[in-house]
Structures are given as C-alpha cells and as structure tokens.
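No value in this document is a laboratory result; all are computed from the given coordinates. Predicted model, so just to flag it, every value in this text is computed and none were measured. In this analysis, Cβ positions are derived from the backbone assuming ideal geometry, glycine residues included, and neighbour counts consider all displayed protein chains.
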Amino acid sequence: MELSDVDRDLLACAANGLALVERPFAAMAHDVGLGEDETIARLRALKDSGAIKRLGLVVRHRELGYRANAMAVWDLPEDRVDAVGQRMAAFPFVTLCYRRRRAPPRWPYNLFAMIHGTDRAVVTAQIAGLVAELGLGEAPQSVLFSRRRYKQRGANYARAGHPVSRQEASWTSSTGAS
C-alpha cells in the first residue's frame with residue numbers, strides 16, 4: 001500500500017498514543033485535519049493493508065508499582081519451542097512471550113517470556129512455577145531482572161515531509177512496539 005501524506009501524518013499521530021479523552025479518535029482526527037469517521041476508516045484500512053500490524057497499549061509498569069520486571073529465557077530444542085511457548089503465553093502473569101533465533105555462542109536462548117511484578121520473590125516463584133509446570137527443569141535458562149527502563153513507547157513513524165534516513169528507518173522498525 002502506498003501511503004499518502006495524510007496517512008503518514010495519521011501514523012505519526014497514532015505513534016504518540018491516544019489522548020485520554022472521551023473521544024480519542026476525534027482528537028486524533030482534529031490533529032491531522034480529518035473527520036472522526038474518516039480517521040477510523042483510514043486506521044482500519046492501514047491495519048487491513050499491513051501498514052499497521054496492530055494497535056496496542058503500552059503500559060508503563062513502573063508507574064503502576066511493577067518494579068520487579070524479568071525477562072526469563074530458555075534454550076529449547078527446536079521441536080519443543082513452539083508448543084512450550086504457546087502454553088507459556090497462556091499463563092496470566094506472562095505479559096509477553098516470543099521465539100527468537102539464537103545468537104551463539106554468547107546467547108543460546110530461543111524462548112523469551114516477560115513477567116512484570118511488584119515483588120522480586122513473587123516473580124521468581126512464578127518463573128519456578130513455569131519451569132515445573134512445563135517440564136523445563138533440564139533446559140538451560142537465565143532470568144534477567146530490569147534495572148532501568150530506557151524506552152517504552154509505540155512505533156515511531158516519520159511525519160509527511162520529514163524523510164527518515166535508511167539507518168533511522170532500520171532502528172525505528174526494530175524498536176517499535178508490537
């Protein structure tokens with residue numbers, strides 16, 4: 001789908017998040033000079049075309065008291081990782097679960113699960129529960145607790161008339177929210 005300048009402006013506006021008002025799409029429409037119905041229709045078309053993968057919520061966990069945030073990682077056999085990942089993602093305390101290619105020899109892990117909690121001991125116990133429930137006791141694993149948040153926002157799209165360099169486009173596409 002070829003994006004118009006209006007679509008690019010709409011994407012840039014959406015990247016800043018919805019306004020916390022009664023009619024957030026009307027506020028977005030005002031910002032880009034469209035009507036509310038047209039804004040919603042264009043966002044739907046951008047989603048349907050794949051220009052927007054999804055509209056989601058970025059929760060700023062620390063502000064809500066979730067300070068024990070851990071990424072637990074496992075190195076699983078290729079024939080197990082999908083099934084285990086699907087089961088793991090169903091646990092209510094797992095907020096993000098995905099598979100990635102390994103980067104040996106320094107990073108052998110291929111299954112990642114993010115858990116946000118208010119207490120480190122609770123998060124550690126939840127991870128131990130995952131290990132026990134999913135039979136992961138023999139799998140190489142590591143748990144990385146966050147110490148600092150550097151970025152937490154949605155994808156970044158350039159506004160119309162403001163080209164993005166190839167390097168910036170690569171960075172933007174690899175760091176956007178999903």
Once Rh for segment 1-71 is found with the Kirkwood sum over Cα pairs, what is the Stokes-Einstein diffusion coefficient at 37 °C and 0.692 mPa s, in µm²/s? 242 µm²/s
Trypsin sites (Lys or Arg not before Pro) in segment 1-55 lying in a DSSP loop, each with at most 14 other Cβ atoms within 10 Å of its Cβ, come to Lys53, Arg54
Label-zone membership for segment 42-80, site Val122, 7 angstrom Cα→C-beta point, backbone N under 16 Å: 61-70
For Asn110, other-chain or 5+-apart residues with amide H closer than 5 Å (H placed, Pro excluded) are Trp74, Asp75, Leu76
Along segment 120-135, Karplus-curve 3J(HN,Hα) (6.51, -1.76, 1.60; θ = phi - 60°) to the nearest Hz, with x for Gly and Pro, reads 4, 5, 5, 4, 4, 5, 5, 5, 4, x, 4, 4, 5, 5, 9, x
Grab the alpha carbons of segment 61-145, take their convex hull, and tell me the volume per residue in Å³. 90 Å³
Enumerate the residues in segment 1-31 having an amide nitrogen under 20 Å from the point lying 7 Å beyond the Cα of Ala45 toward its Cβ. 1-15, 25-31
A chain fully extended from Arg54 to Asn16 at 0.36 nm per residue, minus the present Cα-Cα distance, gains in nm 12.2 nm
Semi-axes a, b, c in Å (a largest) for segment 1-137, each sqrt of 5 times a Cα gyration tensor eigenvalue, come to 38, 20, 12
Order of 104-116, 81-93 by packing, highest average Cβ count within 10 Å first? 104-116, 81-93
